[in-house]
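To start, the structure under review is shown below, and the notes come after it.
The values are calculated or read from the model by the stated rules, or taken from the named source; none is laboratory data. In this text the structure is predicted, and so the values were computed from the model without any measurement. Cβ atoms come from the backbone with ideal geometry, glycine included; neighbour counts cover every protein chain shown. Heavy atoms of the whole protein, side chains included, go into the accessibility calculation; ligands, DNA and RNA do not. Shrake-Rupley method; radii C 1.70, N 1.55, O 1.52, S 1.80 Å.
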Amino acid sequence: MARVSRKKQNLSTSNVDTAARIWKTALYVRLSVEDNGKNSDSVENQTTLLEEYVAGHPHLERIALFVDNGYTGTDFLRPEFTRMMEAVQAGIVDCVIVKDLSRLGRNYIETSRFIEKVCPFFGLRFIAVNDNYDTATVTNEGQLSASLSNIINDYYAKDISRKVTSALRTKMERGDYIGNYAPHGYQKDPENKNHLIICPETAPVIRQIFELRAGGMSYMGINKKLNDAGIVSPGQYKKNNGIKTNRSNTARTILWNKHMITQILNDIVYIGHLAQRKGSQCLYKGLPYHITDKENWIVVENTHEPLISVELFEKVQEINRQAMETTKANSGKYDYLPKAQNIYGKKFICAECERIMKLTRSINHEKTKAYFTFKCPTFAEHGANGCSDVKMKKEDLDEAVFAFIKSQMEVFMDMEQNLRRLLAMKRSKLKQSGNQQETTAIKQQLEKKRSLLSDLYVDLKAGFLSQDEYGHHKEIITSDIAALELKLAELQSAKIETEEQLTGEMKWKFMVQRFHDATEISADMVEAFVESIKLHEDGTLDIRLSYMDEFASLMATNERLRKEVAA
C-alpha cells in the first residue's frame with residue numbers, strides 16, 4: 001500500500017484522529033406533542049435508527065440513551081437534555097447523536113449556538129444521522145447546510161405557531177367557542193362544535209348557584225349545599241361521561257369546591273357572551289404560556305343563548321365585589337406576625353385524595369404567635385365526605401425531609417467510597433491474574449490497526465485508492481478493530497463499571513457536594529433532591545428522591561463487585 005507524506009500533501013488530520021479514537025456516545029431522542037402520530041418520529045423508531053447507526057460505527061461506544069417525550073424543540077428547557085449535558089460536563093459523554101437537526105431543536109439561534117459554541121467548548125462531537133452532519137468531519141459547505149437546516153426548522157416551528165395563533169384569534173373574534181369542552185351548563189352544538197347550546201341536564205344547577213348567591217349565601221355555603229344534596233360537580237360530570245381530565249382517574253368522587261363556585265359566579269358565558277384568550281402563548285414571538293390581563297381578553301357578546309338574566313348576573317357581581325372588599329379590609333390584620341413559604345409546592349400531596357397539601361397559618365388566642373400546618377384541602381373544604389383529616393406541622397415536615405435527605409447523602413458517600421475501593425481491588429485482581437499483559441498486547445494491536453486505518457484514509461485523499469478499494473479495506477480493518485475492542489472491554493470491565501453509573505452517580509455527587517454542609521431544609525435542596533412527598537392519614541410520609549433508580553443501580557453494582565472480588 002502506497003504511503004504519502006502528510007506534510008507534503010498538507011492534509012487535515014482531524015478525520016484521522018476521529019477514526020482512531022473511541023467516542024463515548026449518548027443517543028438523544030426528542031418527541032414533541034405535535035410529532036405524536038408520526039411513525040417516523042416515534043421514540044421507538046428514533047431509538048432504533050440511532051442504535052443501528054452506532055452499531056455500524058465501531059468508533060462510537062454507546063454510553064446512554066436520553067429521551068424527552070412531549071417536549072418542544074423551541075428551547076432547551078428539557079429534563080433529559082439537561083441530564084445529558086451534565087454527563088457531558090462530567091466527561092462521561094463526549095459525543096451526542098440524534099436522528100436529525102430538528103430533534104436537537106427548532107430554534108435557529110439556540111441550536112446554532114449549541115453546535116458552534118457549546119460543542120467546541122466541551123470538545124463534544126455532534127452527529128445528526130439523516131442530515132449527514134458530523135462536527136468531527138464537517139466541511140464549510142456542510143456547516144452552511146446545517147445552518148440552513150436550523151433556519152428552516154426554526155421557520156417551520158414559528159410559521160406553524162403563527163398560522164395556528166392567527167386562525168384561533170380569528171375564530172375567537174367572530175364568536176366561535178374554541179374550548180376543549182363546554183362550560184358546565186352548556187354543551188357543544190352537534191351541528192357546530194364552535195357553538196354552545198344549553199344542556200338541559202346541567203343548566204338547572206347553574207341557575208340554582210346564581211340564585212343562592214343572589215340570596216346572600218357564601219361560596220362555601222353554596223359548595224356545602226350542593227355536595228350535601230348529592231348534585232354532581234362539573235369534574236364528576238365529565239368523569240361520568242368519559243371525558244378525560246387531569247382528575248378523571250381518581251377513584252374518589254369529585255366534589256364541588258370553592259374554586260368551581262367562584263369561577264361559575266364570575267363567568268359572563270352564562271349571560272350569552274364569550275370571554276376567551278384568558279391564557280395565551282406565542283411561539284413565534286417567544287412568549288411562553290401565561291395568564292392574560294383582563295383588558296386583553298377577546299370578548300364577543302350575544303354568541304349563544306343565556307342561562308340567566310343580565311339583572312341576576314349583575315346582582316351577583318355586586319355581592320361578589322362587596323365580599324372582596326370585606327376580605328381586603330381584613331387582610332393584613334396580622335401582618336406583624338411571621339409568615340412561612342411553602343418550599344414544597346406541588347411535590348407535597350395528600351396520599352388519600354392526591355391533592356396538593358395546603359400550608360395554613362393559625363394565630364394563638366393572644367394574637368402573639370403564628371403556627372404553620374400543612375392540611376389536606378379536600379378535608380378542609382368538605383370534611384369527612386371528601387377525605388381524611390390529613391395534616392402535619394410544617395416544622396415536623398421540614399425536620400423529617402431534611403433528616404431523610406441527609407441520611408441518603410451519607411449512604412451515598414459511603415457507597416461511593418466503597419465502590420472506588422472495590423474497583424481498585426478488582427483491577428488489582430485482574431492485574432495479578434495476568435490480564436494486564438494481555439491487555440497491553442491488545443492495546444498495541446489496536447494502535448497498529450487504527451494507524452493503518454488512518455493511513456488508509458490518507459491514501460484515499462491522495463488518490464492512491466479508489467472509493468471501492470478504500471471501502472473494502474476499511475471494512476476489514478474496522479471489523480478487526482471492533483473484535484479487539486470487544487475483547488479489551490471484557491478485560492477492562494472494572495473500568496467500565498464506573499461509566500455504567502452515568503447520571504445517577506454524577507448527579508448525586510454534584511448534589512452532595514452542594515448541600516452536604518446544610519444545616520436546615522431549603523427550597524433549593526427540595527428542588528434538587530425531592531421528586532415527591534405523600535402524607536398518609538396516620539402521619540407516615542412517603543418521600544421519593546430524584547434519581548432513586550440510579551441510586552439503586554449504584555447499590556446493586558456495589559453488591560455485584562463485592563461478590564466478584566470475594567470470588
Met220 versus Ser309, label points 7 Å from Cα toward the beta carbon: distance in nm?
3.2 nm
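Counting other C-beta atoms within 10 Å, and keeping those with at most 10, which DSSP coil chymotrypsin sites (Phe, Trp or Tyr not before Pro) do you find in segment 311-344?
Details: sites: Phe313, Tyr334, Tyr336, Tyr344; in loops: Tyr334, Tyr336, Tyr344.
Taking segment 311-344 and a limit of 10 other Cβ atoms within 10 Å, the loop chymotrypsin sites (Phe, Trp or Tyr not before Pro) found are Tyr336.
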Distant-in-sequence amide H partners of Tyr186 (H built 1.01 Å from N, under 5 Å)
Cys199
Give me the net charge for the shell around Asp468: Cβ to Cβ below 15 angstrom, other residues only, Lys and Arg +1, Asp and Glu -1.
-2
Given the C-alpha centroids of segment 322-370 and segment 523-540, what is the distance between them in whole angstrom?
19 Å
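Given the peptides 259-266, 299-306, 321-328, arrange them by the average over their residues of other C-beta atoms within 10 Å, most packed first.
Values: 259-266: 17.1, 299-306: 14.4, 321-328: 10.1.
Top to bottom by mean Cβ count within 10 Å: 259-266, 299-306, 321-328.
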May I ask which of Lys328/Lys375; Lys339/Lys367; Lys339/Lys369 have a Cα-Cα span longer than 20 Å here?
Lys328/Lys375
How big is segment 83-125 in terms of Cα radius of gyration and Dmax, in angstroms?
10.3, 27
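Could you order Trp23, Trp297 by accessible surface area, starting with the largest, using a probe radius of 1.4 Å? Display every interim value, and only then the final one.
Values: Trp23 20, Trp297 75 Å².
If we order Trp23, Trp297 from most to least accessible, we get Trp297, Trp23.
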What shape does segment 298-358 have by the C-alpha gyration tensor, where a ≥ b ≥ c are the square roots of the eigenvalues, rounded means a/c under 1.5, and otherwise prolate means a/b greater than b/c and oblate the rest?
oblate
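Protein chains only, probe 1.4 Å: how do Tyr53, Tyr186 rank by accessible area, largest first? Working shown, then result.
Values: Tyr53 55, Tyr186 10 Å².
Reading off the accessible areas and sorting them downward yields Tyr53, Tyr186.
How large is the convex hull of the C-alpha atoms of segment 282-417 per residue, in Å³? Mind showing how you got there, number by number?
Working: hull volume 38.2 nm³, N = 136.
In segment 282-417, the Cα convex hull volume per residue is 281 Å³.
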On each of the three principal axes of the Cα atoms of segment 188-260, give max minus min coordinate, whole Å, ordered largest first.
39, 30, 18
For Arg62 and Glu301, calculate 0.36 nm times their separation in residues minus their Cα-Cα distance, and state this gained length in nm to one decimal.
80.0 nm
Add +1 for every Lys or Arg and -1 for every Asp or Glu among the other residues with Cβ under 12 Å from the Cβ of Gln322, and state the total.
+2
